[in-house]
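Undergrad: Sharing a structure here in structure tokens format.
The values are calculated or read from the model by the stated rules, or taken from the named source; none is laboratory data. Values in this document were obtained by computation on a predicted structure and should not be read as measured data. Cβ: placed from backbone, ideal geometry, glycine included. Neighbour counts: every protein chain shown.
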Amino acid sequence: MIFALRATMVSLAFFSLLYSFLSLALVVMWKCLSSCQFQKHFSAFSLFALRLVPFGISAAVSVFLTLPSFLLLEAHSMDEDLGTFVLSMCALLFLGAGIYHVLSAEVQTRRVVSVCLDGATPLENRAAIMAVVSGQTISPLMLVGLRAPQILISESARQLLSEAEFAAAVRHETEHLRSHDNLRKAVLNCLPFPGMARLEKAWQEAAELAADEGAVSSRNEALDLAAALIKLTRHFPHQATPHLATGLMSGADSVTARVERLLAWKEPQGAIPSRRGYALPVAFAVLLGLGVKLGPALVLIHSLTERFVP
């Protein structure tokens, strides 16, 4: 029992070190990419996956390599010192802070939504999602909820937009639903780390652009969505969206770029191949390589653990 506890402590300590190192490296790398405007070449999915890389690698190495290597290669003697305990507590504090952060965001979002739903009336529409009109929404249009998502629409925004503009705005929010952007926001809230705000903002802006692209399929629809953005920006200059909700104007800083992109919209010449399909083969190849070299990998990880974990 004590040996298993030691193994858990060492795995958590190694996770703390590796996650901190990879996260700091990602912060520095993204700062350099942002300075040369290279981040524009990343899609929303790529940015989200990039944000998860430090945690994913650290968790996988700690669970599948560090823990087994300790159980197989470490002597059954108590030789960990205070440093191992401190590092393992840092990992637990990080995980606990992430859970607290997302639960706080959920409570704040529920509080805002409950106020908005007071006196709201369902809106009949052809979208495969529940939409309600409320006179108390803090954002003209926003997608809320994870398990039972729905679109909250302010009464003033419904009266301001034409039927075509309103339909385009609803399609935009539906695209956020298809991309599970609220769930992705919850995941990002689980992984707080200093300096990641710039990368997360880039993901949010890319997610808005992706939703714009998915919401339009013709020149007229692109113009309708652009008109909706312009009208809502003028009549709702200060946008506020709960942490676990996605509003039409969530990326307020990029509205001008979004409008320009929509005004310049052209019919796609051909289907753009998705890069998501490459993720599974790459992951399988990595796992296969680790499986073939599992013994040497365990020895390497164990030596690294003895070197860097006190």
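Undergrad: Do the conditions hold for LYS201, that is, is it in a helix (DSSP H, G or I) and more than 24 Å from ASN182 (Cβ to Cβ)?
TA: Criteria not met by LYS201.
Undergrad: Separate question: So which residues in the range 160-185 are surrounded by fewer than 19 Cβ atoms within 10 Å (Cβ to Cβ) and closer than 30 Å to GLY56 by Cβ, if there are any at all?
TA: ARG178, SER179, HIS180, LEU183
Undergrad: Out of all the residues in the range 1-41, which are under 30 Å from ARG261 (Cα atoms) and outside any helix (DSSP H, G or I)?
TA: Answer for the range 1-41, where residues must be under 30 Å from ARG261 (Cα atoms) and outside any helix (DSSP H, G or I): CYS36, GLN37.
Undergrad: Specify the residue that is modelled with the highest pLDDT; the eligible residues are those in the range 94-124 that are touching a Ser or Thr at 6+ places or on another chain (Cβ under 8 Å) and surrounded by 14 or more Cβ atoms within 10 Å (Cβ to Cβ).
TA: The residue in question is PHE94.
Undergrad: Looking only at the range 231-286, count how many residues are out of contact with any helix residue (DSSP H, G or I) (no Cβ under 7 Å at 6 or more places or on another chain), of a type in the set (S, T, N, Q) and at pLDDT below 85.
TA: Count: 3.
Undergrad: Using the structure shown, decide if ALA91 is surrounded by 17 or more Cβ atoms within 10 Å (Cβ to Cβ), in contact (Cβ under 8 Å) with a residue 24 or more places away in the chain and closer than 20 Å to LEU304 by Cβ.
TA: Taking the combined requirement at face value, the residue satisfies it.
Undergrad: Please work out if ALA228 is farther than 15 Å from LEU47 by Cβ, touching a His at 6+ places or on another chain (Cβ under 6 Å) and at pLDDT 90 or above.
TA: Numbers: farther than 15 Å from LEU47 by Cβ: yes; touching a His at 6+ places or on another chain (Cβ under 6 Å): no; at pLDDT 90 or above: yes.
Considered against the rule, which asks whether it is farther than 15 Å from LEU47 by Cβ, touching a His at 6+ places or on another chain (Cβ under 6 Å) and at pLDDT 90 or above, ALA228 comes out as no.
Undergrad: Within the range 205-214, does at least one residue satisfy the condition of being under 12 Å from the mean Cα position of the chain (by Cα), assigned to a helix (DSSP H, G or I) and among the hydrophobic types (A, V, I, L, M, F, W, C)?
TA: There is at least one residue in the range 205-214 that is under 12 Å from the mean Cα position of the chain (by Cα), assigned to a helix (DSSP H, G or I) and among the hydrophobic types (A, V, I, L, M, F, W, C).
Undergrad: Could you list, in sequence order, all residues of the range 9-43 that are polar (S, T, N, Q) and either without any contact (Cβ under 8 Å) to a residue 24 or more places away in the chain or loosely packed, with under 14 Cβ neighbours inside 10 Å (or both)?
TA: Within the range 9-43, SER20, SER35, GLN37 meet the criteria.
Undergrad: Select from the range 228-245 the residues that are over 28 Å from HIS101 (Cα atoms) and buried (at least 19 other Cβ atoms within 10 Å of the Cβ) and list them in ascending order.
TA: ALA228, LEU229, LEU232, PHE236
Undergrad: Here's another thing I want to ask about it. For the range 44-65, which positions are surrounded by fewer than 17 Cβ atoms within 10 Å (Cβ to Cβ) and of a type in the set (S, T, N, Q)?
TA: Scanning the range 44-65 gives a single hit, SER46.
Undergrad: Hey, another quick one. Does GLY195 qualify as being of a type outside the set (Ser, Thr, Tyr), on the phi > 0 side of the Ramachandran plot and either more than 19 Å from the chain's Cα centre (by Cα) or at pLDDT 85 or above (or both)?
TA: Yes; evaluated as a whole, the condition is true for this residue.
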